[in-house]
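The values are calculated or read from the model by the stated rules, or taken from the named source; none is laboratory data. For clarity, every value in this text was computed on a predicted model and none was experimentally measured. Every residue, glycine as well, gets a Cβ built from its backbone with ideal geometry; the counts of neighbours run over all protein chains shown. Side chains included, ligands, DNA and RNA excluded: accessible areas come from the protein's heavy atoms. Shrake-Rupley method; radii C 1.70, N 1.55, O 1.52, S 1.80 Å.
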Amino acid sequence: MRKGWKGLSPEAQELVRRFVSSQERNGAYLNAGGAVDEYYTQFGKLLQAVFSPRKLPSVPFSGLKVRESMSKDTIYGSFFRFISSEMKLVVPKTITLSLPKHPTTNSVCCILAMSYQALGTYNKQWADWLLKRQDATGGFYSSEEAPIPDLLTTAVALFTLRLIGEKPRSASDFIEAHWLDNGAFTPTIYDERGDVEYMFYGLLALGADGA
């Protein structure tokens, strides 16, 4: 994410700063509906840390949705525990890191990232499946049934593929199409508003694209 931020022009950085600041209310941040939200506040704090020249601090994932996910013995539960423990892999014994029958792109990214970080290797079949989710525009579909690619999935997929050493096509045009004039990023090309969560994904995508 910081790489994406540093790659912006000074003018673009100022737009991004202004948008994120406009979403802040007394140290908390607004959700997509315009209400103060603990979950979105985590993204706002991470973004403010990226904008500053000092070292990126550890920001705890304390939002209710995240805590609920962390408590579950699922792929996502393992992933949230993974990222919230400073990249120390914690996988419950009940988890089998195998490709689900009807996988989603983000779940496959979780499997690939955790396998690579823990073992230094990954299953090429999963990586090939992930690469096939990339659209001609450069965006990634969230599943085999998804009608259009979206920014969240694209950011996570690009980051994961770069992490494991695979080379997806450039998604620069796709990312640009989701960037609004006010500095925000939108979830899909059909959305007209952005928020701090998708600002996070937009900068993550920019940093991972062509890395």
- Task: Mind listing just one residue for me: the one in the stretch 147-163 that is open to solvent by less than 10 Å² (accessible area, probe 1.4 Å) and of a type in the set (Val, Ile, Thr) and, of those, farthest from the chain's Cα centre (by Cα)?
- Result: Thr160
- Query: Residues in the stretch 13-37 that are touching a Lys or Arg at 6+ places or on another chain (Cβ under 6 Å) and either surrounded by 18 or more Cβ atoms within 10 Å (Cβ to Cβ) or in contact (Cβ under 8 Å) with a residue 60 or more places away in the chain (or both): how many?
  - Reply: 0
- Could we say that Phe79 is under 24 Å from Leu206 (Cβ atoms), in contact with a helix residue (DSSP H, G or I) (Cβ under 8 Å, 6 or more places away or on another chain), surrounded by 13 or more Cβ atoms within 10 Å (Cβ to Cβ) and at pLDDT below 80 here? yes
- Task: Identify the residue in the stretch 183-209 that is outside any loop (DSSP other than H, G, I, E, B) and touching a Lys or Arg at 6+ places or on another chain (Cβ under 7 Å) and, among all such residues, is surrounded by the fewest Cβ atoms within 10 Å (Cβ to Cβ).
- Result: Gly207
- In the stretch 164-175, anything in a helix (DSSP H, G or I) and either among the aliphatic types (A, V, I, L, M) or surrounded by 20 or more Cβ atoms within 10 Å (Cβ to Cβ) (or both) is listed as Ile164, Phe174, Ile175
- Given (1) touching a Pro at 6+ places or on another chain (Cβ under 9 Å); (2) farther than 23 Å from Ala118 by Cα; (3) not aromatic (Phe, Trp, Tyr); (4) not in a loop (DSSP other than H, G, I, E, B), Leu161 misses just (2)
- Taking Tyr116, is it open to solvent by 50 Å² or more (accessible area, probe 1.4 Å) and in a helix (DSSP H, G or I)? yes
- Counting only residues that are under 16 Å from Lys167 (Cβ atoms) and part of a helix (DSSP H, G or I), the stretch 127-154 contains a total of 6
